[in-house]
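Everything below concerns the one structure shown next.
The values are calculated or read from the model by the stated rules, or taken from the named source; none is laboratory data. This is a predicted model, so every value here is computed, not measured. With ideal geometry, Cβ positions are generated from the backbone for all residues, glycine too; neighbour counts draw on all protein chains shown. Areas reflect the complete protein model, heavy atoms only, side chains present, ligands, DNA and RNA absent. Shrake-Rupley method; radii C 1.70, N 1.55, O 1.52, S 1.80 Å.
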Amino acid sequence: MSNMIKVILPDKSVREVEKGTTLYDFTGQIGKGLQKAALAAEINGIAVDLSTPVNSDSEINIITFDSEKGKNIFWHSASHLMAQAVKRLFPDAKFAIGPAIDNGFYYDIDMKKSLVPEDLTAIEAEMIKIVEEKLDIKREEMSRSDALNYFTKINEVYKIELLNDLPEGNVSLYRQGEFADLCRGPHVMNTEILKSVKLLSIAGAYWRGDEKNKMLQRIYGIAFTDQKALNKHLEFLEEVKKRDHRKLGKELDLFSTHEDVGGGLVYWHPNGARLRNVLEEWWRKEHFKNGYDILYTPHIGRAHLWETSGHLGFYKQNMYSPMEIDEQDYYIKPMNCPFHIKIYQTSLHSYRDLPLRWAELGTVYRYEKSGVLHGLLRVRGFTQDDAHIFCTPEQIEDEVKEVLRFSLWMWKTLGFTDIKAYLATKPEGSVGEASRWETAQESLRKAIESANLKVEMDEGGGAFYGPKIDLKVRDAIGREWQMTTIQFDFNMPERFDMYYVGEDGQKHRPYMVHRALLGSIERFVGILVEHYAGRFPAWIAPVQAILINVSEEQVEFVNRVKSDMIDMELRPHVDIRNESMGYKIREAVSQKAPYVCVFGKNEVENGSVSVRKRGEKDSVTMKLDEFYKLLKEDIVNKR
RNA sequence: GCCCACGUAGCUCAGUCGGUAGAGCAUUUGCAUGGUAAGCAAAAGGUCACCAGUUCGAUUCUGGUCGUGGGCUCCA
């Protein structure tokens, strides 16, 4: 029986392939008219994975299409293409590594010339030439020593270093025209299909990511099988720019940072502070409802405390230098936990007192390298929506479930529905009894399962002091952000010798769970801004309705409506400036207010309002009563 | 911290191949009292990030400092 089978491709063409072939989809468009060239490339042996057998030898077979891996192969080939172009233009270039990444590819290059943006255009042009040359991409296997000889001959020092780290045996090279690169593959068959490429940026990157090594030049790029898909991606990048919380933060007058006072420190303007206050009040209310108590603790603590907690040992590089008070060193807090533990220790706890759920909007300060600071997303001073749960072994399962449920509810209420849960387990060199780790990990797993989420494993990804669940939430344009963390701590209870008295009258070590649901208020607000592109749901929006008068005669009426709304605990803003109505509407709309209300002669006479909802071009006139009812439905009932 | 780019009015930006700068918006003041995305006019506003150097002369060139932006795990 032949080892070849015929398959019908999504474009209806028929091809013969070896049994067990996996077809990679470079387009993400399986079933929607996949390009012949894209498939032909890997069928002919280059990107063949025999691990997925085809289940029958009939003429028409079901073939595995792997879009993720397909994209990966495609981008990796694009990376080789770029390297070839760079080598042609800059013969002294030495290549380090050039993988595909989540969103495209890069190559790290060592060369004399510092690349400038114009060089990217030139490299792109050269890449197009190579595409037009339609070079076959061929796999060559050889012994490691032959490969070493080859790369020594062409003086590719980084490849030599990589080869030296590989085990004895055969390695593979991929050759296209005059260019060959050490690579495991697979690759596409011909440069021909890599025609829609775009180089995006130049950056510095250390050889092997180690800051002690030489800094190389990294070129980032992206590639698609057709121009349309590339354009779509470029539009996505535009959208990302438009939603940038730093830009919107300025436009909506939410916050600022001040270089002269210090980077990574956030100043909340009235609008931003309003927004933050809305979130915090809601957060507190919901915490009380969900069985938490709320604490306030200081911002500094004596060195002694941080020695006990161990932070001066394992966290010092993130802490600010101490200040001396009465010949004692005090440190500004990078975490709230030790303070909560001090409160725990002010009294003896019986198992009957547990669980204790203590929450605090705790402002902490951590040193971050200047280069990593980024708007609200990475700052040096921030407020965690922190809580610590102290409980007995019998309680942890329910407690963890409850935290996860609360968190998921919170995300849903805030408008985030696509959430993934990662279970990070015991790493090397951890502290705490193995049995406690087991119990804790099991409770975390059960919690994820009971929330009907898939358990994404992050093996060995836990902190040295305990396993955790991280929640990643997807925003409106598909980006994932790590937000909630639910974290066991086997370190602090030991270090502080925490205990409770059990039913047996003996001392027992409580379980301690550290959790932050939003993560930090700063970071969360940054993501909230980008998620909604500044168009916050009305219950969150700092200003919910902007009230505009047509002429001076309506000022009194507008102010009356304002007090009505304030009585309803709404957040109106009155704009009675002596400007044209059109001007004020334009400004109100650009401020993304959920409701723009205009009051003229007619409205005053009829006790009505002309309302323009955000996103709608036309206004609707309604009686005030009706409008208040609408607000009640849209705002009051949601918070 | 490191690599690259950038730093001009409150904001967004133009400009000066070396002769101390300009627009729009915002602001202020007049006029205009206007019905759903910018009414008209005038004024005011800058040590061209900071510090050195070269030069008769530096916002422009050179070096440094500070700051901002893109990056710095993702293994050939």
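The set of residues in the range A:186-217 that are under 23 Å from the mean Cα position of the chain (by Cα), within 17 Å of residue A:122 (Cβ to Cβ) and not hydrophobic (A, V, I, L, M, F, W, C) contains only A:201. When you check residue A:500 against the structure, is it within 16 Å of RNA strand B (Cβ to nearest atom), more than 13 Å from residue A:599 (Cα to Cα) and either over 33 Å from the mean Cα position of the chain (by Cα) or open to solvent by less than 10 Å² (accessible area, probe 1.4 Å) (or both), yes or no? Judged against the criteria, residue A:500 is not a match.
Okay, residues lined up against (1) in a loop (DSSP other than H, G, I, E, B); (2) farther than 21 Å from residue A:265 by Cβ:
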residue	(1), (2)
A:297	yes, no
A:306	no, yes
A:317	no, no
A:331	no, no
A:339	no, yes
A:352	no, yes
A:357	no, yes
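Apart from one condition, residue A:467 fits all of (1) over 23 Å from residue A:285 (Cα atoms); (2) in contact with a helix residue (DSSP H, G or I) (Cβ under 7 Å, 6 or more places away or on another chain); (3) open to solvent by 60 Å² or more (accessible area, probe 1.4 Å); the exception is (3). A single entry from A:220, A:206 fulfils the requirement of being open to solvent by 40 Å² or more (accessible area, probe 1.4 Å) and in contact (Cβ under 8 Å) with a residue 24 or more places away in the chain: A:220. All conditions in (1) within 10 Å of RNA strand B (Cβ to nearest atom); (2) surrounded by fewer than 16 Cβ atoms within 10 Å (Cβ to Cβ); (3) at pLDDT 85 or above hold for residue A:211, with the sole exception of (3). Residues that are of a type outside the set (D, E, K, R) and either within 14 Å of RNA strand B (Cβ to nearest atom) or at pLDDT 90 or above (or both) do not occur anywhere in the range A:59-71. Mind checking which residues of the range A:157-179 are under 36 Å from the mean Cα position of the chain (by Cα) and either closer than 19 Å to residue A:74 by Cα or in contact (Cβ under 8 Å) with a residue 60 or more places away in the chain (or both)? If the condition is that a residue be under 36 Å from the mean Cα position of the chain (by Cα) and either closer than 19 Å to residue A:74 by Cα or in contact (Cβ under 8 Å) with a residue 60 or more places away in the chain (or both), then A:157, A:158, A:159, A:162, A:172, A:173, A:174 are the ones that fit. Residue by residue through the range A:503-529, note down the ones that are in a loop (DSSP other than H, G, I, E, B), open to solvent by 10 Å² or more (accessible area, probe 1.4 Å) and in contact with a Ser or Thr (Cβ under 8 Å, 6 or more places away or on another chain). Of everything in the range A:503-529, nothing turns out to be in a loop (DSSP other than H, G, I, E, B), open to solvent by 10 Å² or more (accessible area, probe 1.4 Å) and in contact with a Ser or Thr (Cβ under 8 Å, 6 or more places away or on another chain).
A Cβ distance below 8 Å, combined with a sequence gap of six or more or placement on separate chains, defines the contacts here; from the range A:479-508, residues that are under 23 Å from residue A:424 (Cβ atoms) reach residues that are of a type in the set (Lys, Arg) and open to solvent by less than 10 Å² (accessible area, probe 1.4 Å) in the pairs A:484/A:515; A:485/A:515; A:486/A:515; A:487/A:515.
Is it the case that some residue within the range A:610-622 is within 11 Å of RNA strand B (Cβ to nearest atom), within 35 Å of the chain's Cα centre (by Cα) and among the hydroxyl-bearing types (Ser, Thr, Tyr)? No; the residues of the range A:610-622 include none that is within 11 Å of RNA strand B (Cβ to nearest atom), within 35 Å of the chain's Cα centre (by Cα) and among the hydroxyl-bearing types (Ser, Thr, Tyr). Being aromatic (Phe, Trp, Tyr), farther than 29 Å from residue A:598 by Cβ and either free of Cβ contacts under 8 Å to residues at least 12 places away in the same chain or in contact with a His (Cβ under 7 Å, 6 or more places away or on another chain) (or both) is not true of residue A:511.
For the range A:530-553, residues that are open to solvent by less than 10 Å² (accessible area, probe 1.4 Å) and in contact with a strand residue (DSSP E or B) (Cβ under 7 Å, 6 or more places away or on another chain) total 5.
Entry remark, the range A:147-171: residues being more than 9 Å from RNA strand B (Cβ to nearest atom), farther than 21 Å from residue A:216 by Cβ and open to solvent by 80 Å² or more (accessible area, probe 1.4 Å) number 3 in total. Any idea which of A:494, A:456 is in a strand (DSSP E or B), open to solvent by 10 Å² or more (accessible area, probe 1.4 Å) and at pLDDT below 95? Testing whether each residue is in a strand (DSSP E or B), open to solvent by 10 Å² or more (accessible area, probe 1.4 Å) and at pLDDT below 95 leaves just A:456. In the set (1) surrounded by 12 or more Cβ atoms within 10 Å (Cβ to Cβ); (2) away from RNA strand B (no atom under 14 Å from the Cβ); (3) free of Cβ contacts under 8 Å to residues at least 60 places away in the same chain; (4) under 30 Å from residue A:192 (Cβ atoms), the condition left unmet by residue A:235 is number (1). Picking from residues in the range A:252-281 that are open to solvent by 90 Å² or more (accessible area, probe 1.4 Å) and outside any loop (DSSP other than H, G, I, E, B), the one that is nearest to RNA strand B (Cβ to nearest atom) is A:270. Against the definition (touching a His at 6+ places or on another chain (Cβ under 6 Å) and of a type in the set (Asp, Glu)), how does residue A:530 come out, yes or no? It is true that residue A:530 is touching a His at 6+ places or on another chain (Cβ under 6 Å) and of a type in the set (Asp, Glu). When you check residue A:340 against the structure, is it buried (at least 19 other Cβ atoms within 10 Å of the Cβ), in contact (Cβ under 8 Å) with a residue 24 or more places away in the chain and over 28 Å from residue A:370 (Cβ atoms), yes or no? Criteria met by residue A:340. Of all positions in the range A:109-121, none carries a residue that is away from RNA strand B (no atom under 16 Å from the Cβ) and open to solvent by 80 Å² or more (accessible area, probe 1.4 Å).
Each residue in the range A:533-566 was checked for being over 20 Å from residue A:271 (Cα atoms), without any contact (Cβ under 8 Å) to a residue 60 or more places away in the chain and not in a loop (DSSP other than H, G, I, E, B), and 10 pass. Does residue A:132 satisfy being away from RNA strand B (no atom under 13 Å from the Cβ), open to solvent by less than 60 Å² (accessible area, probe 1.4 Å) and assigned to a helix (DSSP H, G or I)? In short, no.
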